[in-house]
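I have placed the structure first, in the form of structure tokens, so that the comments after it can refer back to it.
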Amino acid sequence: MIDDENMNTRIEIRESAPCDLASIEKLYPDAFPEENLLPLVTELLQEPPIILSIVGIINSSLVGHAIFTKCGVAACTDQVALLGPLAVARAWQRQGIGSAIVRAGLQRLESAGVAHVCVLGDPNYYGRFGFEPEAGVVPPYPLPPEWRGAWQMVSLRSSEPPLRGRLSVPKPWLQPGLWAP
Ligand SMILES: CC(C)(COP(=O)(O)OP(=O)(O)OC[C@H]1O[C@@H](n2cnc3c(N)ncnc32)[C@H](O)[C@@H]1OP(=O)(O)O)[C@@H](O)C(=O)NCCC(=O)NCCS
């Protein structure tokens, strides 16, 4: 159980368990009414190599979820993760839950020795966790110009030489539609 300093409510953040699946299946259509991310989420949850799937629980209800997938960059032995998707139930958005989940996830990955975490998302949101626009590591598919600033990375430890190359992602992420507007 953690008390996030930005939150008035106590939130428990823990790794997801098989018993969370029904709640996760309700969460995504609620958080993303115009996008069907459930096939991606269920595939990621069924197939390794997922690094971390964490949920936020308030008063026994699952209110948020995030997945960190194990990826790689050619010729580099450092562990690299991809954050996504991240979802918070509509009724609970903008109350610090997404932030608490991302921060807890990054802490756990750092303890597990993960060196870098990539994300495709709004820099105004992910910048607060240390993510910065990334040019050395490129996404698996080219992004449209208006999305370039959305490709970001945070380093939890340094790499020498700095990481360069295309991010290799596991099969569920190999869908061009996930990387285009
Ligand atoms: C995006 C999302 C995960 C953020 O989680 P949250 O718990 O609502 O956000 P937090 O309370 O931690 O953070 C709130 C801050 O994020 C900003 N924010 C919330 N949603 C945002 C979004 N979609 N884009 C950019 N900023 C966003 C708020 O403006 C607020 O900023 P402030 O602190 O400067 O006022 C959540 O709103 C959500 O699930 N949205 C729908 C799905 C989605 O768009 N997911 C994107 C990630 S793949």
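The values are calculated or read from the model by the stated rules, or taken from the named source; none is laboratory data. Note that the structure is predicted; figures quoted are calculated from it, not measured. Counting neighbours? That spans all protein chains shown, and the Cβs are built from the backbone with ideal geometry, glycine included. To get the accessible areas, we keep the full protein, side chains included, count just its heavy atoms, and leave off ligands, DNA and RNA. Shrake-Rupley method; radii C 1.70, N 1.55, O 1.52, S 1.80 Å.
Remarks
- Any chance Pro133 is open to solvent by 20 Å² or more (accessible area, probe 1.4 Å) and within 16 Å of the ligand (Cβ to nearest atom): yes
- Index of the failed condition, Val169 passing every other in (1) farther than 30 Å from Arg10 by Cβ; (2) among the aliphatic types (A, V, I, L, M); (3) under 12 Å from the mean Cα position of the chain (by Cα): (3)
- Residue ID - surrounded by the most Cβ atoms within 10 Å (Cβ to Cβ), chosen from residues in segment 68-125 that are over 16 Å from Phe32 (Cβ atoms) and free of Cβ contacts under 8 Å to residues at least 24 places away in the same chain: Gln107
- Residues being more than 9 Å from the ligand (Cβ to nearest atom) and closer than 22 Å to Tyr28 by Cβ - total across segment 121-130: 1
- Check on Leu120, over 14 Å from the mean Cα position of the chain (by Cα), among the hydrophobic types (A, V, I, L, M, F, W, C) and at pLDDT 95 or above: no
- Filtered by the rule that a residue be within 14 Å of the ligand (Cβ to nearest atom) and either touching a Phe, Trp or Tyr at 6+ places or on another chain (Cβ under 8 Å) or among the basic types (Lys, Arg) (or both), segment 99-120 gives Ser99, Val102, Arg103, Gly105, Leu106, Val117, Cys118, Val119, Leu120.
- Scanning segment 147-164 for residues that are within 9 Å of Pro133 (Cα to Cα) and open to solvent by 70 Å² or more (accessible area, probe 1.4 Å) yields one hit, Arg148.
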